[in-house]
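Presented below is the structure to which this report refers.
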Amino acid sequence: MFEKILKEANRYSGGLAHVQSRQDQWLAAYERIRDHMKVIATYLNEHAAYKQGFFVDTLHAFNEGMRGTNVRMPSLEFRSGPMPMPITFRNSIGERLTYKEEGFGISFTPTIAGQIVIVLQPHASDLDTETPEAVTLGVVNEPSELSNELVEEVIEKGIQLAFYTSFTGMTEYENQEETNFISAKRHPIGFRRYDTTEKI
């Protein structure tokens, strides 16, 4: 008599089972993915021409109200270290001011529905006129589909896009004919000029 209504009501149970299945898939895959990311980071640290450092972090969902974590939702982040910028100021009493650019981050973060959202956090520095927005690189519905090869592709694409948000990549971004690169979202950096010409 109420079979059709029951069928719809039972979809909640099926949905919950799917979410739990995705969480189980991620828990089974994330250590393998983390270890593979560490191999990539080690390779870059040993062979990259510029040594800003590459790192892999494991993070956990955190509830500030009760200061607790959720062990079924670990996140992974592949990131680069900060880079000093070639800008240094000195004053008459010997004080020195330098600037640095924060590294990029590529995070693999599970959602409440068990999907994995892959997000690029671009480079940023104190000289930016606005904070660069994070960019979604992809969403993986079934975490078991995250192969080592797919992780490599995502990291390659993430580094490519991050480069154009760095001060080191701005000149190349300006010359790009393609429009599928994310904007550096930065204006030309200018400073006030101080007149140090000796008066005669």
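The values are calculated or read from the model by the stated rules, or taken from the named source; none is laboratory data. As the structure is a computational prediction, the values presented were derived from the model and not from experiment. Cβ coordinates were reconstructed from backbone atoms using ideal geometry, including for glycine residues, and neighbour counts include every protein chain displayed.
In this structure, is Thr109 in a strand (DSSP E or B), out of contact with any Pro (no Cβ under 6 Å at 6 or more places or on another chain) and within 16 Å of Tyr30 (Cα to Cα)?
Spelling it out, Thr109 is indeed in a strand (DSSP E or B), out of contact with any Pro (no Cβ under 6 Å at 6 or more places or on another chain) and within 16 Å of Tyr30 (Cα to Cα).
Which of the numbered conditions does Ala28 fail, given that it passes all the others? Conditions: (1) in contact with a helix residue (DSSP H, G or I) (Cβ under 8 Å, 6 or more places away or on another chain); (2) exposed (fewer than 12 other Cβ atoms within 10 Å of the Cβ); (3) more than 18 Å from Val117 (Cα to Cα); (4) not hydroxyl-bearing (Ser, Thr, Tyr).
(3)
Does the stretch 68-107 hold any residues that are in contact (Cβ under 8 Å) with a residue 60 or more places away in the chain and either touching an Asp or Glu at 6+ places or on another chain (Cβ under 7 Å) or exposed (fewer than 13 other Cβ atoms within 10 Å of the Cβ) (or both), and which are they?
The answer is Met83, Met85.
In this structure, does Ser13 turn out to be part of a helix (DSSP H, G or I), within 13 Å of Gly114 (Cα to Cα) and of a type in the set (Gly, Ala, Ser)?
no
I'd like to check something: does the stretch 62-70 contain any residue that is more than 19 Å from Leu150 (Cβ to Cβ), touching a helix residue (DSSP H, G or I) at 6+ places or on another chain (Cβ under 8 Å) and assigned to a strand (DSSP E or B)?
Checked against the condition, which is being more than 19 Å from Leu150 (Cβ to Cβ), touching a helix residue (DSSP H, G or I) at 6+ places or on another chain (Cβ under 8 Å) and assigned to a strand (DSSP E or B), the stretch 62-70 yields no hits at all.
Keeping to the stretch 103-118, report how many residues are under 20 Å from Gln160 (Cβ atoms) and polar (S, T, N, Q).
1
Collect the residues in the stretch 1-41 that are without any contact (Cβ under 8 Å) to a residue 12 or more places away in the chain and β-branched (Val, Ile, Thr), keeping them in residue-number order.
Within the stretch 1-41, Ile5, Val39 meet the criteria.
Answer yes or no as to whether Ile106 is under 26 Å from Ser147 (Cβ atoms) and among the β-branched types (Val, Ile, Thr).
Criteria met by Ile106.
Could you tell me whether any residue of the stretch 180-192 is at pLDDT 80 or above and either exposed (fewer than 13 other Cβ atoms within 10 Å of the Cβ) or within 21 Å of Glu77 (Cβ to Cβ) (or both)?
no
Could you tell me whether the stretch 58-75 includes any residue that is among the acidic types (Asp, Glu) and within 17 Å of Phe108 (Cα to Cα)?
Within the stretch 58-75, not a single residue is among the acidic types (Asp, Glu) and within 17 Å of Phe108 (Cα to Cα).
It is to be established whether one or more residues within the stretch 122-131 are in contact with a helix residue (DSSP H, G or I) (Cβ under 7 Å, 6 or more places away or on another chain), surrounded by fewer than 18 Cβ atoms within 10 Å (Cβ to Cβ) and either at pLDDT below 95 or in a loop (DSSP other than H, G, I, E, B) (or both).
no
Only one of (1) surrounded by fewer than 11 Cβ atoms within 10 Å (Cβ to Cβ); (2) under 21 Å from the mean Cα position of the chain (by Cα) is not met by Ala49, so which one is it?
All conditions are met except number (2).
Considering only the stretch 43-89, state which residues are modelled with pLDDT under 90 and charged (D, E, K, R).
The answer is Lys51, Glu64, Arg67, Arg72.
Could you look through the stretch 147-170, keep only residues that are assigned to a loop (DSSP other than H, G, I, E, B) and out of contact with any helix residue (DSSP H, G or I) (no Cβ under 8 Å at 6 or more places or on another chain), and pick out the one that is surrounded by the fewest Cβ atoms within 10 Å (Cβ to Cβ)?
My answer is Ser147.
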